[in-house]
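What follows is one structure encoded as C-alpha cells, with my remarks underneath.
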Amino acid sequence: MIERLEFILALARERHFGRAAQFCNVSQQTLSAGVKQLEERLGVLLVERGSRFQGFTPEGERVLDWARRIVGDARAMREEVANLRRGLSGTLRIAAVPTATPIVASLTTPFRARHPDVRFSVQSATSGEIGRWIADHEIDAGITYLENEPLGKVIAVPLYRERYRLLTAIDGVYGMRDSVSWEEVGHLPLCLLTPDMQNRRIIDGHLHNAGRDAEPLLQSNSMIVLLTHVRTAKWASVMPAVLADSFRLSERVRSVPIGEPDVSHMIGLVVPERDPMTPLCAALIVEAQAIAPTVADDIASL
C-alpha cells in the first residue's frame, strides 16, 4: 500500500506516467499497474486517463491528501526507529531560495558537528517549489521567505531580515553614493531574477510603490548570470545584502544600500508541521533556533 501511495505522489509531482516511473525507479508498466491496483482496492477511479496523464479525479485528490500524510508518517517512523538503533543519521534534504543560499552553511556546518553521521542534500529552488516539495515530502526543510505568500502547514523559525543593495559601476551615476532610493534604482539598466522568483516579485513591488515599474533588460534564474553581467560595470542589479557580500565584486562594482524606504523581509527555516516530528527535522529546528541570533546580527551589520 505504501509503495502504491508513493506512486500517486510521484504522479502528482511529475504530471506524467513515464517521468513518475523514472522518479520511483520502476518501469512505467509497474507504476501504472500499481495505480490500478490501488483504484481496485479503494473501489474508485483516481486518475483521469487518456493518451497521457490528464489529472486526478475528485476522489483521487482526496486520496492524494491522505497519501501525503501516510507516506510522510511511514518515512518518519522508519527514520525514528533507525535513529533509536544507531543515533541520528540519514540524509537531510534542504531547499533554499537562491537569495538565501549564502547562509545555508551557517546551519549545516554546526549541525554536522553535532551529528557527524548525517549527510546533506541542498538545492536551490523557488519559494513555490519549496512549498510544494514540503507538502509532497520531497524535502525535509526549506529556507525561504516567511512573509508575503502562503507557506502551507509548516513550522517556521525566523533567521534574519533580508535587506537590499544596488550593485552598480563605481564610476556610474550612483556609484559613489552612500544610499539610493527605489525610484532612482528604477532608472538604471537592470538585470534581475525571473518573475517566478519571490525576490523578483518583492523588487517589482518596491519599484512599483516608488512609481517605477520594473523593466529589466535581462532576466535570469541564475544569480551567477546576473553577477557576471554586473561585473562588466555595464549593468546594474538589486540583490540582498547577504548575497552581495558573498560575491567577489570587481574593483569597478560597488554595493550601495537602498533606502527611501528602507524595507526588509524575513527569511527563515520551514519544516513540515507533523506530530511526531522526524528526528532530523526536530534536530534541525534546535540548530536553527541556536544560530538565529548570530545570523541575524551578522547580516544586520552588513
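Details
- When Leu92, Leu46 are screened for being crowded, with 18+ Cβ neighbours inside 10 Å and under 23 Å from Gly128 (Cβ atoms), only Leu92 passes.
- Within segment 150-175, the set of residues being of a type outside the set (A, V, I, L, M) and under 22 Å from Arg68 (Cβ atoms) comprises Pro150, Gly152, Lys153.
- Residue-level analysis places Glu147 outside the set of residues that are of a type in the set (D, E, K, R), in contact with a helix residue (DSSP H, G or I) (Cβ under 7 Å, 6 or more places away or on another chain) and more than 19 Å from Ala10 (Cβ to Cβ).
- When each of Asp262, Asp297 is tested for being of a type outside the set (Gly, Ala, Ser), under 27 Å from Leu167 (Cβ atoms), under 24 Å from the mean Cα position of the chain (by Cα) and open to solvent by 70 Å² or more (accessible area, probe 1.4 Å), the lone residue that passes is Asp297.
Residues are listed down the side, and each one gets a yes or a no for (1) under 21 Å from the mean Cα position of the chain (by Cα); (2) of a type in the set (D, E, K, R):
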{"site": "His115", "(1), (2)": "no, no"}
{"site": "Arg119", "(1), (2)": "yes, yes"}
{"site": "Val122", "(1), (2)": "yes, no"}
{"site": "Thr126", "(1), (2)": "yes, no"}
{"site": "Trp133", "(1), (2)": "yes, no"}
{"site": "Thr144", "(1), (2)": "yes, no"}
{"site": "Lys153", "(1), (2)": "yes, yes"}
{"site": "Arg161", "(1), (2)": "yes, yes"}
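- Of the set (1) free of Cβ contacts under 8 Å to residues at least 12 places away in the same chain; (2) farther than 27 Å from Ala296 by Cα, all apply to Arg248 but (2).
- Remark: Arg248 falls outside the filter, which requires a residue to be under 18 Å from Ser179 (Cα atoms), surrounded by fewer than 17 Cβ atoms within 10 Å (Cβ to Cβ) and among the basic types (Lys, Arg).
- Residue match in segment 261-272 (condition: within 21 Å of Ile170 (Cβ to Cβ), part of a strand (DSSP E or B), of a type in the set (Gly, Ala, Ser) and touching a Phe, Trp or Tyr at 6+ places or on another chain (Cβ under 9 Å)): no
- Pairing residues of segment 199-212 that are in contact (Cβ under 8 Å) with a residue 12 or more places away in the chain with residues that are assigned to a helix (DSSP H, G or I), at Cβ distances under 7 Å and at least 6 apart in sequence or on separate chains, gives Asn199/Thr99; His206/Trp182; Leu207/Trp182; Leu207/Val185; Ala210/Trp182; Ala210/Glu183; Gly211/Glu183; Arg212/Glu183.
Conditions tested, residue by residue: (1) assigned to a loop (DSSP other than H, G, I, E, B); (2) at negative phi.
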| residue | (1), (2) |
| --- | --- |
| Tyr160 | no, yes |
| Leu167 | no, yes |
| Met176 | yes, yes |
| Pro195 | yes, yes |
| Pro216 | yes, yes |
| Leu226 | no, yes |
| Ala233 | yes, no |
| Met239 | no, yes |
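- Here Phe17 meets each of (1) within 30 Å of Leu159 (Cα to Cα); (2) of a type outside the set (Asp, Glu); (3) in contact (Cβ under 8 Å) with a residue 24 or more places away in the chain with one exception, condition (1).
- Of everything listed in (1) open to solvent by 50 Å² or more (accessible area, probe 1.4 Å); (2) in contact (Cβ under 8 Å) with a residue 40 or more places away in the chain, the single unmet condition for Thr109 is (2).
The values are calculated or read from the model by the stated rules, or taken from the named source; none is laboratory data. Everything numeric in this text was worked out from a predicted model, so none of it was measured. Positions of Cβ are generated from backbone atoms using ideal geometry, with glycine treated the same way; all protein chains shown enter the neighbour counts. Keep in mind that these areas ignore ligands, DNA and RNA; they rest on the heavy atoms of the full protein, side chains included. Shrake-Rupley method; radii C 1.70, N 1.55, O 1.52, S 1.80 Å.
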